[in-house]
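Visitor: The structure is given below, and queries will be raised subsequently.
Just so you know, all these numbers are worked out from the coordinates, no wet-lab data involved. Please read all numbers here as calculations on a predicted model, not as lab measurements. Note that we place each Cβ from the backbone using ideal geometry, even for glycine, and neighbour counts take in every protein chain shown.
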Protein chains: 2
Amino acid sequence: MADRLSEDGWRELGYVYVNIDDCWASMDRDKQGRLQADPKRFPGGIAKLAQYMHDRGLKLGIYGDMGTHTCGGYPGTTLDLIETDAQTFADWQVDMFKFDGCYSNSSEKALGYPRMSKALNATGRPIAYSCSWPAYQGGLPPKVNYTQLGEICNLWRNYGDIQDSWDSVLGISDWFYENQDVVGPAAGPGKWNDPDMLVIGDFGLSVDQSRSQMALWAIMAAPLFMSNDLRTISSEARAILQNKMIISISQDPMGVQGKRLLKEKNGIDVYWRPLSDNTSALVFFSRRHDMPYRYQTSLSKLNYTTGSYKMFEVFTENAATLKDTSEFVVSVNPTGVVMFYVSAPSVRRHQFR
Amino acid sequence: MADRLSEDGWRELGYVYVNIDDCWASMDRDKQGRLQADPKRFPGGIAKLAQYMHDRGLKLGIYGDMGTHTCGGYPGTTLDLIETDAQTFADWQVDMFKFDGCYSNSSEKALGYPRMSKALNATGRPIAYSCSWPAYQGGLPPKVNYTQLGEICNLWRNYGDIQDSWDSVLGISDWFYENQDVVGPAAGPGKWNDPDMLVIGDFGLSVDQSRSQMALWAIMAAPLFMSNDLRTISSEARAILQNKMIISISQDPMGVQGKRLLKEKNGIDVYWRPLSDNTSALVFFSRRHDMPYRYQTSLSKLNYTTGSYKMFEVFTENAATLKDTSEFVVSVNPTGVVMFYVSAPSVRRHQFR
């Protein structure tokens, strides 16, 4: 996968992290009590793997678990081992660390997640810190303290694991947008809600559904982790994952998480995300299962201020200039999206002579 | 669509019926009490449209409803109008007739469906007769009499309408296979269970799911009605719908409906259909949503008799020769299939000297 990322144009688009999930470790710690890699799966060890990534301009992410065991039954990180394990990952030159939460109770998590944050920082190595903590606490206040999460974690999993099916993608998306007023404000540069991986290019999504996941994740300012096999990816999936305009919307430096504006009875949802320089993104999504639906609206109906706007559809690359009051129609495929990048408003001012 | 069918290689594969569903009719019958086409949608009338099809080697199907109104509110065919409407369709040179069942009760259906069969036969024109009757009666005995259906109808809808989603495809497939011992024996040449249209090439199925619908419908000996736009079909969907080996399995002249042999706890189902000349088809389907699953079996475990068999995988066109006792492994994608055409057994007999 690292070779594909570096050779097939992914790295330049920002896909630079290669993340190992559970089951990488040996069942036993070494004599010094340190985690060690499974010698069969990683005969050269994790440090060598990290070097392989760095040699290609990539970064390595690794996985651990706050608890006695990982979810897969491998050695966990109990409270007394947090500093040891943080130092091990730093020694290996790891760049991201996901801290899962199987086999620990709420009190241990409340101690362990902040302590790991301090321990990672104390190593002096920049390691992006992904916390599964909120997903284990139901994802919502008062059990989850998003202010604290933003201070100690760079990203966090709020909700259950994604599966390779449209039901799963839509269920997760709906959870995040239904709770957008609670979870949305928690996000910003360096601190992100993580609705889990993209399943584009796997086996369960149609082309329209793949576009929808990409669009809904970009509006959500979600981290974009791929889960597919880059060696066998279809051209359609590649085009979606490598769409520069969507990636640029997703990675907007202002880092404001977008929201659902409308959930219409006709099955059309409208999503919006404010972007840098007074630009924005708009997504029209269809929950229908019958036919493409022609949805009519105008920018002023979507709370845009007076002015004229350039709109670029990100998949077709069609462009148009529209006044805020101009009615327009988008044809949205079943389970599909139409997604626009919208320029800043251009206002014709009163002319003084 | 007719032009595409005749020019893009569909007709030669057997896709010859162009079927109009509800909403084709004018809201009013003519002065003689006959149905007439909506003059806006069909300015030339249905007879001209039928001629257009026939000129291209195609056939025309039309829709009616046993009841006071069609499901969409257009004029229905009450008991007193059955002979009139059958004669109208024959006069128009129609080739298939679907008789829906909105706005009538069970007693009226019990009279109307057989009467329409007689009326169509009495016209002297061969018109394939599709009955929605069983779908309105729950699809199962004792409310549904499959012996009678086989005598009066050429195909029948047993179950609800399909939608453009994987949930819908799988739900329908599961209903037919769960009731295979009841509905399967009803099928045979000239009398078919109809699980509704293929939604391959629409918006809701992944490539793997599209292959699965094609395979599961072929094992079921289901009529293959497409629902997609042939002008904009993707190359992947076209390849699946135009797969000659699957079409040949689907259209096997023996006309025996296949069945599910196994529903494994690991999420793999095995389906089998006996075909002419002692050949057969096998489908391995995965209900999983995680990763491709390697399923190991042998032909003898699937009730094949002693001998060696040639197996052709219909999508990859890979071929192999296997003894009944040889173990083999198929890798089945999530929501996908691996489908084999299996030759007749070749048995090495004892040599007398």
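Visitor: Using modelled amide H (1.01 Å from N, peptide plane; none on Pro or chain starts), what sits under 5 Å from the amide H of A:PHE97, excluding residues fewer than 5 places away?
Guide: Counting only residues 5 or more places away or on other chains, the set is A:ILE62, A:ALA128, A:TYR129, A:SER130.
Visitor: Okay, moving on. Could you work out, residue by residue across A:164-170, how many beta carbons of other chains sit within 10 Å of that residue's beta carbon, and then give the average as an integer?
Guide: Average per residue, whole number: 4.
Visitor: Related question: Measuring from a point 7 Å out along Cα→Cβ, what nm distances, shortest first, does B:LEU13 have to its partners in the other copies?
Guide: So the label point of B:LEU13 gives 3.0 nm to the other copies.
Visitor: What list of ³J(HN,Hα) couplings, whole Hz, do you get for segment A:271-285 from phi and the Karplus terms 6.51, -1.76, 1.60, once you set θ to phi - 60° and write x for glycine and proline?
Guide: Rounded to whole hertz, the list is 10, 9, 9, x, 10, 4, 6, 6, 8, 7, 10, 10, 10, 10, 10.
Visitor: Enter the mean number of other protein chain beta carbons within 10 Å of the beta carbon of each residue in B:203-213, as an integer.
Guide: 6
Visitor: To continue, here is another question. Give the cross-link partners of A:LYS40 among the aspartates and glutamates, using a straight C-alpha distance below 20 Å as the criterion and excluding same-chain residues fewer than 8 apart.
Guide: Straight-line reach from A:LYS40, under 20 Å: A:ASP21, A:ASP22, A:ASP28, A:ASP30.
Visitor: Now for a separate question. Can you check what the Kirkwood hydrodynamic radius comes to for chain B, Cα pairs only, in Å to one decimal?
Guide: After inverting the pairwise mean of 1/r, the radius is 21.7 Å.
Visitor: Tell me, which cysteines of chain A are without a disulfide-compatible partner by the Cβ under 4.7 Å rule?
Guide: Unpaired cysteines in chain A: A:CYS23.
Visitor: Filter the trypsin sites (Lys or Arg not before Pro) in segment B:252-338 down to the DSSP loop ones having no more than 10 other Cβ atoms within 10 Å, then list what survives.
Guide: B:LYS265
Visitor: I would also like to ask the following. So who's got an amide H within less than 5 Å of the one on A:ARG288, skipping anything under 5 residues away but keeping other chains? H placed 1.01 Å off N, in plane.
Guide: Answer set, sorted by chain and number: A:THR335.
Visitor: Which value in deg cm²/dmol, rounded to the nearest 500, describes the helix-derived mean residue ellipticity at 222 nm for chain A, given -39,500 (n - 2.57) per DSSP H run of n ≥ 4 and division by the residue count?
Guide: Theoretical 222 nm ellipticity from helices: -8000 deg cm²/dmol.
Visitor: Let's see if you can work this out: charge +1 on each Lys and Arg Cβ, -1 on each Asp and Glu Cβ, no other charges. What is the dipole magnitude of segment B:46-163 about its Cα centre, in debye to the nearest 20?
Guide: With Lys and Arg at +1 and Asp and Glu at -1, about 220 debye.
Visitor: Which one, B:THR78, B:THR70, B:THR147, has the greatest fluctuation when you compute a Gaussian network model over chain B with C-alpha springs under 10 angstrom?
Guide: With Cα springs under 10 Å in chain B, the top fluctuation among B:THR78, B:THR70, B:THR147 is at B:THR147.
Visitor: Sticking with this structure for a sec: Would you work out if the protein assembly as shown is rounded, prolate or oblate? Take a ≥ b ≥ c from the square roots of the eigenvalues of the alpha-carbon gyration tensor; rounded if a/c is under 1.5, else prolate when a/b is larger than b/c, oblate otherwise.
Guide: Here the protein assembly as shown falls in the oblate category.
Visitor: Run through the other copies and list how far each one's label point is from that of B:HIS54, in nm with one decimal, shortest first; the point sits 7 Å from Cα along Cα-Cβ.
Guide: Result for B:HIS54, in nm, nearest copy first: 8.0.
Visitor: Also, quick follow-up: Identify, for chain A, the residue whose C-beta comes nearest the rotation axis onto chain B, and round that distance to whole Å.
Guide: Per the A/B rotation axis, the closest residue of A reads A:SER206, 3.
Visitor: Using a 10 Å cut-off around each Cβ of peptide A:231-241, what is the average number of partner chain Cβ atoms that fall inside?
Guide: Rounded to a whole number, the mean comes out at 1.
Visitor: Along the positive direction of the dipole of chain A (beta-carbon charges: Lys, Arg +1; Asp, Glu -1; about the Cα centre), which of A:TYR146, A:MET96, A:TYR113 reaches farthest?
Guide: My answer, from the dipole projection, is A:TYR146.
Visitor: Okay, next question. Which residue fluctuates most in the GNM of chain A (Cα springs below 10 Å): A:LEU111, A:LEU35, A:LEU155?
Guide: A:LEU111
Visitor: Where is the GNM fluctuation largest for chain B (alpha-carbon springs, 10 angstrom cutoff): B:GLY76, B:GLY64, B:GLY45?
Guide: Most flexible of the set in this elastic network: B:GLY45.
Visitor: Could you tell me which residue out of A:ALA25, A:PRO43, A:ILE62 lies farthest along the dipole of segment A:4-76 toward its positive end? Charges go on the beta carbon: Lys and Arg +1, Asp and Glu -1, centred on the Cα centre.
Guide: A:PRO43
Visitor: Related question: Can you tell me the dipole magnitude for chain A around its Cα centre, using point charges on the Cβ only (Lys, Arg +1; Asp, Glu -1), in Debye to the nearest 20?
Guide: The calculated dipole for chain A is roughly 1100 debye.
Visitor: Using unit Cβ charges (K, R positive; D, E negative) and no other charged atoms, how large, in debye to the nearest 20, is the dipole of segment A:231-328 about its Cα centre?
Guide: 280
Visitor: Under the convention of a label 7 Å out along Cα→Cβ, give the distances in nm from B:TYR103 to the same position in every other copy, shortest first.
Guide: 6.6
Visitor: On to the next question. Going toward the positive end of the dipole of chain B, with +1 on Lys and Arg Cβ and -1 on Asp and Glu Cβ, which of B:GLN209, B:THR123, B:GLN296 do you reach last?
Guide: The residue sitting most towards the positive pole is B:GLN296.
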